[in-house]
Structure formats: structure tokens, C-alpha cells
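Every number here is computed from the coordinates shown, using simple stated rules; none is lab data. On a predicted model such as this, the values are computed, not experimentally measured, just so you know. Ideal geometry is used to build each Cβ from the backbone, glycine not excepted, and the neighbour counts take in all protein chains shown.
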Amino acid sequence: MAQMHLFGYLMAGPTWHLYGGWRHPDSDGLEALDPARYETIARILEAGKFDGVFFVDFLTIFDSFGGGYQTNLREAGQMCMMEPMQLLAAMARVTSHIGLAASMSTSLYPPFHIARAFATLDHISQGRAGWNIVTSAMDSEAQNYGLKKLMEKADRYDHADEVVEACDSLWETWEADAFVGDRENNIYVDGSKVHYANYQGRWLSTRGPLMTPRSPQTRPVMLQAGSSPRGRAFAGRWAEAIFTLQNKKPDMQAFYADIKQRVVDHGRRPEECAILPAVDVVLGDTLALARERAEEINAFASPTLGLAELSNVVGLDLSAHPLDTPVAELELGQAYQGIVDSIRQGAEAGNLTLRGAGEAWARNQMTPQLVGTAEMIADHLQDLFESKCCDGVMLCPSLSPGGYVEFVEQVVPELQRRKLFRTEYQHKTFRSNLQN
């Protein structure tokens, strides 16, 4: 019987999706710079038998709203305050099964760096590394790395294909039995089993060999989140898990069917790519109590920060438009196609204005907020899973760590009772558990 996959969403900053949630007394947002925060979350999710955790990462401080970054800093918008690979290394040391994934940009990091970093993490974690492949979307990120702007959007995924190919060539430079460690015969490494990569593409090249020996998985589990046609084509070739933002069953089913066909078109099995829409979950012993809890949590949302974050996403300073402007009339940017589509879906359904969009975005309404008892949440997730909307979900709680704890203690046992989710890890590596 097929079972669901569960991932936990992370960001090395004060806020996940509830903009203003760091002010809630149960939030750990003030501990954003403490590695113990992330170690605790990893332990919680491993106790819940989650497949993996996933760090989103942006390489800039957002400054699209009101001419600067003041609103985002003052009200604690999405900020990636620490480099996630180092946090994952710390998390690896306090866990033994859960997958550990981080974003790294193909546009800004050379393949040799990427390959070495993830091979190292895979060794540290004994086979649990994952790479969320991003191409970056903002010129401000490029400017932090000494470039004037990113390459043209039409070229970014072609370039990313080369980066992944180059990384693959580097991960293969060490044969599995190259490391010998024979003291008696004075053979540490069999050099005949280590090879140059000599990868040459249109945009880049790498000589190799990698200094890091072949890791337990050889290559990390590959995640991806692009929703544009070219992003979907890239996912069909490379992605083993996809993080997506959708909130209606027909849209989820269409995306699911499209990606699965692209995976098959690249000679892979459909189950080799898990599709994971984001969800937020608020629980209560009764529906009324859950709704009361959700209302209390959502009251901390900041509409101003919601508009600022929305400006960052769509690449347009929304402070320049009247608040009663219908979202459908705006020329939204294409930097994050999936999020833009999500906004447009909401606008078509409810004639959403800019004011409403800011309020909704602040309350995490573009990521479905599921409110109810554990049984009700399990019913909903089971329906999505069995209706071929997804292969599982990416849990993006409004509050950390409580949102993770409640889901693990209440929803996971219900999914396990229905035989929809594992009761124990069956394998040691991230990939093996994900494809089991």
C-alpha cells in the first residue's frame, strides 16, 4: 500500500509564513540565531518519522516595498539569517534518520562548491543530504555576489541543467571502493579508482576530481520548486521531491498529472518524484476550539508586512497602488510563478483587492490553513493523497515549534492508524526512505 511523505519547512529566521507570528508568546522566533532551535525541530520531526526537513534560502534582504527594507526588518519578514548547510550539519549530529535538505543556487554557486558541500553533508549525516535546486530570481541576490544581474530567465534553467550535470560528474569521480585505508600495505586511497571529471558545457566547466570521497548516497536527494513550464521540465528530469503552492483540488490534480507525465517522459518512474504541496495546520479537540485557536494565532498577522512580502514575491512595489486595486488588474512579476498563480486563483475566486491580498498573505492564506481536529485533518490529507493531488505534504506551521509538535503528536498517529504513513524508518538513507 502506498504511503504519504511528510516534510517540514524551515527558514533560518524569525518568520515562516505567518507574518507577525514571531510576536506570539509561543513562537521561537527570537531564537532564530540559536542552532539549538533547529536541532529541536529536527528531533521533533524525526520522532514523527518525517521524510525530511527543508531549508528555503534567499541570498538577499528583501527591499521591494516602500523603497527599502525597513518594513521587512522592523516587522520581521522572511529573512534567512544564517547559512543553512551549517545548521543542517548541526542537526545531523542529533538525528539518525530524517533527511536534511537545503537550497543552493545554480546561478550563484559554482558546481565544484555545490558538489563538495553536499558530499560533505552526506558524509556527516551518513546518507541524508538533500539539495533544493534553485536558480535564484532576484538581481539583488546576484549583486551580493558581485554580479550586476542574473542571466536571462530563459537561460537560467538551461544553465542549471549544466550545473547539475557538472555536479553529477564530480560526485562520480570517486569509485565506491576507492578508499582503502590499508595501514599494513600503506594504501590510503587507490588512486586508480579516482578520476577527473573534465566536464565542459556551454556556460561552465569543471576539472575535478572532487576531494571528497564518494558519499553514502553518491548524490543528494534533489528537490525543486519551479512551477513555470521550463521549471516543470527541469523537475521532470531531476526532481525527486517538489515543493509546490496550490490551494484548490483541480489545480493540485492538474499539476500532479503534469509533473508525473514529465517524469515518465524522462524515463523515470512516477513514484521517483514526490509532489508536496504546502499546508499549515491548526488543531483543536473540537472544530470550534480549532477555529478559536486559528483566530487567536492569525490575529498576530501584520497586513503591512503582508503587502511588503507580497511586493517581494511579485517584484512590484505595491505601496504605490491604492489598497482597493483589484489584484487581477495588476501586472504581476513572474519571479515565483507558483505563488503568482496562487494569488491569481484567489483573485478570480473572490475579486481580491490589494488590501485583501495583503491581509490574506499575512495570514498565510495562500498556503492552505487546515483547521480542525486531528481526525478532520487526517481526512483532508487522505482525500488529497487518494485523489492524486499529492504524494504527501510540506508542513509549514504558523508557529514553531508548537505547530510541529501538535502535528506529530496528533495527526501522525491518526495517519499511521489508517496505514497511510510509516511507523518506523525502514532505511538509513534519505533517498531510500523517500522512494520506499
Spelling it out for Val53: with amide H atoms placed in the peptide plane at 1.01 Å from N, the residues 5 or more places away or on another chain with amide H under 5 Å from its amide H are Gly8, Gly99, Leu100, Ala101
Interchain or sequence-distant (5+) residues whose placed amide H lies within less than 5 Å of the amide H of Gln369 are Asp280
Descending packing, highest mean Cβ count within 10 Å first, for 25-37, 277-289 is 277-289, 25-37
Contour minus Cα-Cα span, Glu386 to Leu323, at 0.36 nm per residue, comes to 18.7 nm
Taking the alpha-carbon centre of each part, the distance from region 86-106 to region 260-319 in Å is 22
Along region 419-432, Karplus-curve 3J(HN,Hα) (6.51, -1.76, 1.60; θ = phi - 60°) to the nearest Hz, with x for Gly and Pro, reads 6, 9, 8, 4, 9, 8, 5, 9, 9, 8, 9, 4, 4, 5
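Stretch Lys248-Leu73 to full length: gain in nm at 0.36 nm per residue minus the Cα-Cα span?
Contour length minus the Cα-Cα distance gives 59.8 nm.
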For the chain, the longest principal axis of the Cα atoms and the Cα long axis of helix 229-238 enclose an angle in degrees, to the nearest 10, of 40
Amide H contacts under 5 Å for His5, restricted to residues at least 5 apart in sequence or on another chain and with H modeled in the peptide plane, are Gly392, Val393
Expressed in angstrom and rounded, the centroid-to-centroid distance over alpha carbons for region 125-204 and region 25-58 is 27
Computed over the chain: longest principal axis from alpha-carbon atoms vs helix 337-350 long axis, angle to nearest 10 degrees, is 20
Cα-based Rg and Dmax for the chain, in Å, come out at 21.6, 79
Region 7-79: spread of alpha-carbon positions along the three principal axes, whole Å, largest first, is 44, 26, 19
Cα-based Rg and Dmax for region 117-196, in Å, come out at 18.1, 56
Here the FRET efficiency for Ala288 versus Arg93, based on Cβ atoms and R0 = 30 Å and rounded to 0.05, is 0.10
Here the gain from full extension of Ala176 to Thr218, 0.36 nm per residue of separation minus their alpha-carbon distance, amounts to 14.3 nm
Looks like region 153-266, by Cα gyration tensor root eigenvalues a ≥ b ≥ c and the a/c under 1.5 rounded cutoff (else prolate when a/b is bigger than b/c, oblate otherwise), is prolate
Rounded to 0.05, the calculated FRET efficiency for the beta carbons of Lys428 and Lys148 at R₀ = 35 Å is 0.20
Once Lys and Arg are counted +1 and Asp and Glu -1 for all other residues with Cβ under 12 Å from that of Tyr109, the total becomes -2
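Using the eigenvalues of the Cα gyration tensor, what equivalent ellipsoid semi-axes result for region 14-130 when each is taken as the square root of five times the eigenvalue, whole Å, largest first?
Value: 27, 20, 10 Å, ordered largest first.
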For region 42-192, using Cα atoms only, the Rg and Dmax in Å read 19.0, 69
Straight-line reach check, Lys428, cutoff 24 Å on alpha carbons, 8 or more apart in-chain or any other chain, hits among lysines -> Lys49, Lys419
